[in-house]
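Reading through the structure tokens given below for one structure.
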Amino acid sequence: MYPPMNVPAFSRLAATCAAIFLASGSVSPAWGFLDFFKKEPQKVAPTAAELNTQEAAATVLLDEAKAAEKAGKTSKVQDLYEQILKKYRFTNAAAEAAYAKAWSIRQTGKMQPAFDAFQRFLSDFRRSPRFGDAIQQQYEIAEEAKGGKKQRAMLVLSMKMGSEDVIKMYKQVITNAPFGKFASLAQFSIAEIHQDKGDKAEAVAAYQAVVDNFPTSKEAGEAQFRIGAISNIAAKKTQDGQNLTATRDALKTYVTTNPKGDRAGEAQSILTGVDEAQAARSLEIGKYYERQHKPKAAAVYFNEALKFGDAEASKEARERLAKLAASNPAAVTDTKKNAPGNDYTVPAAVDLRHSPDYAGPPSPELARLSQKPKMRKDSDSFMPIPIQEPSLPSRPASQPTAAGTSLLPPVSGGDKPVLLPVPAASSTPPVPPAPAAAGALPVPPPPAPADQKKN
């Protein structure tokens, strides 16, 4: 461990070293040893009065820098801009100086230093009115570093800088303004760089990021088409079924979302070729399984050839399916049971309504049950329901009442209901009693006989 040094001795040593460096002339005072002891610019915001004073002084230096720039004094211009940024960093003139400094570096053709200078401006002065201009300058610098503007024909262009450095530039543009108009352009350019390098997976992922993150941009449709085009090129090289499926999915999505797009006709043409390639591939695989005496697998691929093939391929696939059904009907039947949606021999015979993923209209019976009652539109269509009285039991007056036929409920404690006496029918009607005299009291009726009370 080194012995500790006291402060006075260290100060004398530092002063001696500084004097030696200055006397030798090998190091300028601006960049010499004493710069190590310089204080950092003040980071505390000044008061309103101090800010007004600093704004005036910074404006004077800014005007002087512009005059020196017109005179072609490049070194003096940079020194004045740096002086403004160090002394008056809270002023509006400091923001103008930072942007002007980055712009002057850009004119020299040094792309990375210019990009970094604009990045310092964006980091320190995000509220400046020139924020959008700085983003545009960064994007244009990245485009120049890439090698030129984007080409619709997917031409491979030579790059002026390393691909990784250019990708970092584009990513920084997206980070600075993720919702700006240059974000989608930058992401699209990243995908193009991967595509030019031959990185299929990286290119597809980058184009998909354009579609996912910027779906309403102009670049989203072209990115969707590029995904299908890249997968199609890979399918032609490898004859991989996954690439054919990826091509079909991507281009069908493009045609659906951009029915009148510039690439709609080209996408449809590629889809036709993909279907033919898929049918030919499935037909060959089906023949292979047929030679291997595996009718179930052969039937699956023959059905797939029917699905995607043209007239000639479909005809051959149908003929081979018919032979399989004649020689081994159980295998073809099992294939239909295991995958009912893959049977294309008789499309009308496929029961789609009982498929788990069926989403069509219900059967007529279910449709009638699911219908809501119709609302009455006018008074004429509504008729009141007539009230019908229930028919009551009746009997002829001449028929005698028998036991057990009375409508009265039975008396509790007895087996037979109590029957009321029926008066004998007489030919002469009864005579009503004479009215009582005025003022006379009513006479009560005579009491009933004793034998009638017992009954």
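Laid out as a table, the results:
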{"quantity": "Within region 291-303, considering residues that are surrounded by fewer than 19 Cβ atoms within 10 Å (Cβ to Cβ) and not polar (S, T, N, Q), the one nearest to I233 (Cα to Cα)", "calculated": "A297"}
{"quantity": "Qualifying residue in region 291-299 (condition: aliphatic (A, V, I, L, M), touching a residue at least 40 places away in the same chain (Cβ under 8 Å) and closer than 30 Å to V332 by Cα)", "calculated": "no"}
{"quantity": "Test for A267: is it free of Cβ contacts under 8 Å to residues at least 24 places away in the same chain, part of a helix (DSSP H, G or I) and hydrophobic (A, V, I, L, M, F, W, C)", "calculated": "no"}
{"quantity": "Hits in region 309-324 (condition: closer than 14 Å to K287 by Cβ, among the small types (G, A, S) and at pLDDT 85 or above)", "calculated": "A317"}
{"quantity": "Inter-residue pairs, beta-carbon under 9 Å, first within 15 Å of A100 (Cα to Cα) and in region 133-148, second among the aromatic types (F, W, Y) and not in a helix (DSSP H, G or I), 6+ apart", "calculated": "A134/F125"}
{"quantity": "Subset of region 309-332 (residues that are more than 43 Å from the chain's Cα centre (by Cα) and not in a helix (DSSP H, G or I))", "calculated": "N328"}
{"quantity": "Any hit, region 239-247, residues being acidic (D, E) and outside any helix (DSSP H, G or I)", "calculated": "yes"}
{"quantity": "Residue match in region 291-302 (condition: outside any helix (DSSP H, G or I), modelled with pLDDT of 85 or more, among the polar types (S, T, N, Q) and farther than 16 Å from Q224 by Cα)", "calculated": "yes"}
{"quantity": "Pick from region 258-290, criterion of a type in the set (S, T, N, Q) and surrounded by 19 or more Cβ atoms within 10 Å (Cβ to Cβ), ranking: nearest to A246 (Cα to Cα)", "calculated": "Q278"}
{"quantity": "Filter pass, A206 being without any contact (Cβ under 8 Å) to a residue 40 or more places away in the chain and either surrounded by fewer than 16 Cβ atoms within 10 Å (Cβ to Cβ) or out of contact with any strand residue (DSSP E or B) (no Cβ under 6 Å at 6 or more places or on another chain) (or both)", "calculated": "yes"}
{"quantity": "So F188, is it aromatic (F, W, Y), part of a helix (DSSP H, G or I) and surrounded by fewer than 22 Cβ atoms within 10 Å (Cβ to Cβ)", "calculated": "no"}
{"quantity": "Those residues of region 236-279 which are touching a Ser or Thr at 6+ places or on another chain (Cβ under 9 Å) and over 16 Å from F308 (Cα atoms), in sequence order", "calculated": "A250"}
{"quantity": "Any chance L306 is in a helix (DSSP H, G or I), surrounded by 17 or more Cβ atoms within 10 Å (Cβ to Cβ) and at pLDDT 85 or above", "calculated": "no"}
{"quantity": "Enumeration of residues in region 67-95 that are more than 19 Å from R126 (Cβ to Cβ) and outside any helix (DSSP H, G or I)", "calculated": "A71, G72, K73"}
{"quantity": "Selected residue (criterion: farthest from G273 (Cα to Cα)) from residues of region 212-237 that are β-branched (V, I, T) and surrounded by fewer than 22 Cβ atoms within 10 Å (Cβ to Cβ)", "calculated": "T216"}
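Yes/no per residue for (1) among the aliphatic types (A, V, I, L, M); (2) within 17 Å of E64 (Cα to Cα); (3) at pLDDT 90 or above:
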residue: V77; (1), (2), (3): yes, yes, no
residue: F115; (1), (2), (3): no, no, yes
residue: F121; (1), (2), (3): no, no, yes
residue: R130; (1), (2), (3): no, no, yes
residue: Q151; (1), (2), (3): no, no, no
residue: V166; (1), (2), (3): yes, no, yes
residue: K171; (1), (2), (3): no, no, yes
residue: N176; (1), (2), (3): no, no, yes
residue: F182; (1), (2), (3): no, no, yes
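Residue-wise test of (1) of a type outside the set (K, R); (2) surrounded by 18 or more Cβ atoms within 10 Å (Cβ to Cβ).
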{"position": "A95", "(1), (2)": "yes, yes"}
{"position": "K101", "(1), (2)": "no, yes"}
{"position": "G109", "(1), (2)": "yes, no"}
{"position": "F115", "(1), (2)": "yes, yes"}
{"position": "R120", "(1), (2)": "no, no"}
{"position": "D124", "(1), (2)": "yes, no"}
{"position": "P129", "(1), (2)": "yes, no"}
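Every residue, every condition in (1) outside any loop (DSSP other than H, G, I, E, B); (2) among the aromatic types (F, W, Y); (3) over 40 Å from the mean Cα position of the chain (by Cα); (4) under 23 Å from E143 (Cα atoms), yes or no:
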| residue | (1), (2), (3), (4) |
| --- | --- |
| A65 | yes, no, yes, no |
| A97 | yes, no, yes, no |
| P129 | no, no, no, no |
| G132 | yes, no, no, yes |
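The values are calculated or read from the model by the stated rules, or taken from the named source; none is laboratory data. Everything numeric here is computed off the predicted structure, so don't read it as measured data. As a convention, Cβ positions derive from the backbone with ideal geometry for all residues, glycine included, and neighbour counts pool all protein chains shown.
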